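Values quoted throughout were computed directly from the atomic coordinates according to the rules given, and no laboratory measurement underlies them. Only a predicted model underlies this, so the values are computations on that prediction, with no experimental measurement involved. All Cβ positions, even for glycine, are placed from backbone atoms using ideal geometry, and neighbour counts span all protein chains on display.
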Amino acid sequence: MSDKISRRNFLKVVAGSGVLGFGVMATGCKGKPSGGEGWVSGQYEGKGDFPVNLKGRVAISKLNPSIERDDEKCILCGQCVDACKNVMGVYGNFPLPLKQEVACVHCGQCVMQCPSGAITEKSHVQKVLDAIDDDTKHVVVQTAPATKVSLGEEFGMPQGTSIGKKMVGALKAAGFDSVFDTCFAADLTIMEEAAEFVHRLTEKKDEIPHLTSCCPGWVKYCEYFYPELMHNLSTCKSPQNMLGATIKSFYANKVGIDPANIVNVSIMPCTAKKFEIAREELQVDDQRDMDFVLTTRELAVLLKKKGINLNNVPDEEYDSVLGESTGAGRIFGATGGVTEAAVRTAYYFATGTNPPADLLSWTPVRGMKAVKEATASIPGVGSVNIAVCHGLENARKLLDGVKANGSKWQFIEFMACPGGCIGGGGQPKAMDAIGAKQKRIEAIYKEDVVSEKRCSHDNGEIQFVYKNFFGKPLSEKAEKYLHTTFVDRHSRLFD
Amino acid sequence: MAVLVDITKCIGCEGCTVACKRYNQLNFKAKPRNVKDGRVELDDNRWTVIQEFQGKDKDKLRFVKKQCLHCLEPACASACFSKAIQKDKKTGAVVYYPDLCVGCRYCLVACPYSIPKYQWEEQFPQVSKCQMCSERQTNGDAPVCVAACTTGALTSGTREELLKKAHEIIDSDPRYVKHIYGEHEVGGAEWLYISDVPFEELGFKTVSDTPVTDYTKSYLSKVPGFAAAWALFLTGLAVYNHRVEKNRKANDEDEQGKEE
């Protein structure tokens, strides 16, 4: 009988718990509401209108070809907004409401500033590894000048260690079929760009000031915000794409490989290059100039995946015939480098002789000053006023001045990232970012000084390629493979 | 506290969704449970989402923040018989108390916007929805999503204040649609939206201005009184019967006594 409950007792229990429940509720004991257990940083205490220096984050579209973000790592610190707005002049410089897209020049400076590693490049590592494993593909790799002075940092070497030849050894060990030098392509760019500049100076004066176009971040910035200056941009492709187009035409023909079976990979200090290779204009004869871009950081990942320690790799030489480089090509990685290299060769084109010593160590265009000015006197052409600008917020200020007052310069070099490519968005991260940039710049100029040839036109392989393929700078063939057009993107942001 | 969403100012950074997940300790790794037309919808680990719309000619890129609108007359709260969802009188937030919830999920059905979601994969599941950071609001802080918004797309304040501001904006700027979503929808909500693209094109549901609770209020409000009266009636009946029985027994006993 004891395990049975009488009807009366049952009703007592039910009614009692009902009364208890009602009592608990009436006295306000309803427990805690759900949520609110987590943490947000101190910036977000208050109404949200308290003026803090840094807050929020930049918008990164899922379609962005260069960068992506892992929300789980994002702490909303606002560093990316700082980079995008104050260094690059993108965030906050387009009108709201949005039109077609959220402006991004893919520079990757937000990646560099992100302290929690939430923003990264969109990795091509696996795709490149797959291409290497595919026996039907001939995988060609090229290395940018700025990566040669920074890759070592990923393997514990001191900042500013030049490891160009070790990198060649490592890339060969990793299974790439040929290793070429983007510095060679930089020399090629200088041949074209210096010729174009001299041509503009003497004949097409409406295209002066001549604006450089080797930085994809800057080019997209110009397309977005200064479409009226697009005809001033040099029509030269960037060195990366010049080499890509040359590999899939001249080189493919030379070694007898179907260009469709060539996979062009580049090692770049840059995330914007990943956007650049996807540009529709950058293909010749239905062949994409470039297939994949690895940032310096990604290359370190790839090498480590393959078990290759850069410290233990023997030096090797770049493959011929697209592997020789001069000092002029090597300094492309630093702000002012393109200008200095171009002036050396422009001097030669105008006078037929190599430039004097002061133009070979042209200090006014070197260093980290936001806008550097210099004047080069070239016999026969006269004095050429030159400006060198890095960091796109600086570029905005400079160009607003040019728009308002006209340009007192005939040649302006723009690099999106502070310091030029050595401070690019794909470079190894350093606790001491400014010191790292200085040391990389020093290393780059040291490479120039020690090189046997200092001017692009002295490059023997460049001369060979012109003799056997392109003819001369600005020839019809050179225009086809080495020059490009630009896209007006102004209307994607502005009414 | 109410929130005004100016859709024209959102750039889609999704900082608000990250702030929400962090503050409410939601799972970042959870895969989206509901995806409609390529847009992620709310689920138990997403109390707020940003949805992208491109416009007819792909030249009006808009991002719409979706979360509980915190109705003035919440249907979910009225459907909840265990009082697990309550409208907080001070903050205006419609708050869910898991300790009171019995898991019936009537609120999921009741909500005209299909906002409340359920933790289908938990062993002891709860309902989950935006709480409008009710605890932050008690301290005088704005909801964390509002605090995280850098472009000014989200602003918080009292409902009257924000309605006034919203009217000023849509009256002075001809680009805006002359409608404040949330002002009258199902009786009004704490979250108000203004936009330059018609709301129907941005995935907003067209709902009636009548609060959902109004449809049942007329008769459901009489239920407690009716129940009490009915109980009283039955008690009376029982007492009466009891008494009749007692009297009859007493009479019987008297009669028996007389016979003896």
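When DSSP beta bridges are restricted to pairs lying wholly in region B:2-211, around 85% turn out antiparallel. About its Cα centre, the dipole of region B:2-211 is roughly 480 debye, where the only charges are +1 on Lys and Arg Cβ and -1 on Asp and Glu Cβ. Amide H contacts under 5 Å for residue B:177: B:195, B:196, B:197, restricted to partners 5 or more places along the chain or on a different chain, H placed in the peptide plane at 1.01 Å from N. Near residue B:88: Cβ cut-off under 12 Å, other residues only, Lys/Arg at +1 and Asp/Glu at -1. The net charge is +2. Computed from backbone phi, the HN-Hα couplings of region A:405-419 come to 10, x, 9, 8, 9, 9, 9, 10, 9, 10, 10, 5, 8, x, x Hz, rounded to whole numbers (Karplus: 6.51 cos²θ - 1.76 cosθ + 1.60, θ = phi - 60°; Gly and Pro given as x). Annotation: aspartates and glutamates with alpha-carbon distance below 13 angstrom to residue A:472 (same-chain offsets under eight excluded): A:192, A:193, A:196. What the Cβ-Cβ distance of residue A:68 and residue A:433 gives, at R0 = 25 Å and to the nearest 0.05, is a FRET efficiency of 0.70. Here the mean projected area of the convex hull built on the C-alpha positions of region A:126-268 is 10.9 nm². Seen from residue A:236, the other residues with C-beta closer than 9 Å to its C-beta sum to a net charge of -2, counting Lys and Arg as +1 and Asp and Glu as -1.
Centre-to-centre, using Cα atoms only, region A:147-163 and region B:168-224 are separated by 60 Å. Taking other C-beta atoms within 10 Å as the exposure proxy, A:308, B:194 rank A:308, B:194 from fewest upward. Under the convention that each Lys and Arg Cβ holds +1 and each Asp and Glu Cβ holds -1, the size of the dipole of the protein assembly as shown around its Cα centre is about 1540 debye. Working note: 222 nm ellipticity from helices only, DSSP H runs with n ≥ 4, each -39,500 (n - 2.57), summed and divided by the residues of chain B, gives -10000 deg cm²/dmol to the nearest 500.
Averaging 1/r across all pairs of distinct Cα atoms in the protein assembly as shown and inverting the result yields a Kirkwood radius of 30.2 Å. Shown here: region B:2-211, whose C-alpha atoms stretch 50, 35, 33 Å along the first, second and third principal axes, sorted largest to smallest.
Computed extension gain for residue B:227 through residue B:88, at 0.36 nm per residue and net of the alpha carbon distance, reaches 47.3 nm.
Applying 1/(1 + (r/R0)^6) with r as the Cβ-Cβ distance of residue A:373 and residue A:475 and R0 = 35 angstrom yields a FRET efficiency of 0.55.
In plain terms, the residue of B:57, A:448, A:71, B:173 with the fewest other Cβ atoms within 10 Å comes first and the most crowded comes last, giving B:57, B:173, A:71, A:448. Remark: region B:96-160 is approximated by an ellipsoid whose semi-axes, taken from the C-alpha gyration tensor as √(5λ), come to 28, 14, 12 Å, largest first.
For residue A:56, the amide hydrogen comes within under 5 Å of the amide hydrogens of A:78, counting only partners 5 or more places away or on other chains and with H modelled in the peptide plane. Global dimensions of region A:125-493 from alpha-carbon coordinates: Rg and Dmax equal 19.1, 58 Å.
Using a simple charge model, +1 on the beta-carbon of Lys and Arg, -1 on the beta-carbon of Asp and Glu, nothing else, what dipole does region B:141-260 show about its Cα centre, in debye to the nearest 20? Don't jump to the answer; show the numbers that get you there.
Working: 13 positive and 21 negative charges, 17 e Å.
Roughly 80 debye, rounded to the nearest 20.
Where the alpha-carbon atoms of region A:64-215 are placed on the principal axes, they occupy 56, 50, 37 Å, in descending order. By the Cβ rule of 4.7 Å, chain B holds the following cysteines without a possible disulfide partner: B:10, B:13, B:20, B:71, B:80, B:101, B:104, B:111, B:133, B:149.
Along the Cα-to-Cβ line of residue B:169, 7 Å from the Cα, sits a label point; which residues in region B:189-214 have backbone N less than 12 Å from it? Within reach of a label on residue B:169, which here means backbone N under 12 Å from a point 7 Å along Cα→Cβ, region B:189-214 contributes B:192-197. Modelled label-to-label distance, residue B:216 and residue A:494, 7 Å Cα→beta-carbon offset: nm? Here the answer is 5.7 nm between the modelled labels. With the simple model of a label 7 Å out from the Cα in the direction of the Cβ, residue A:383 to residue B:102 spans 9.2 nm. Here the contact order of chain A, divided by its residue count and restricted to Cα pairs under 8 Å and six or more residues apart, works out to 22 percent.
When the listed pairs B:66/B:178; B:60/B:205; A:85/B:87 are checked against a 30 Å cut-off, the alpha-carbon distance exceeds it for A:85/B:87.
Find the Rg to Rh ratio for region A:144-208, where Rh is the Kirkwood radius over alpha-carbon pairs and Rg uses the same atoms.
For region A:144-208, the value is 1.23.
Among A:183, B:10, sorting on how many other beta-carbon atoms sit within 10 Å of each Cβ, with the fewest leading, yields B:10, A:183. Beta bridges per DSSP, both residues in the protein assembly as shown: antiparallel share near 55 percent. Taking the Cα-to-Cβ direction at residue A:134 and at residue B:206 and moving 7 Å from each Cα, how far apart do the two end points lie in nm? Output for this residue pair reads 5.1 nm.
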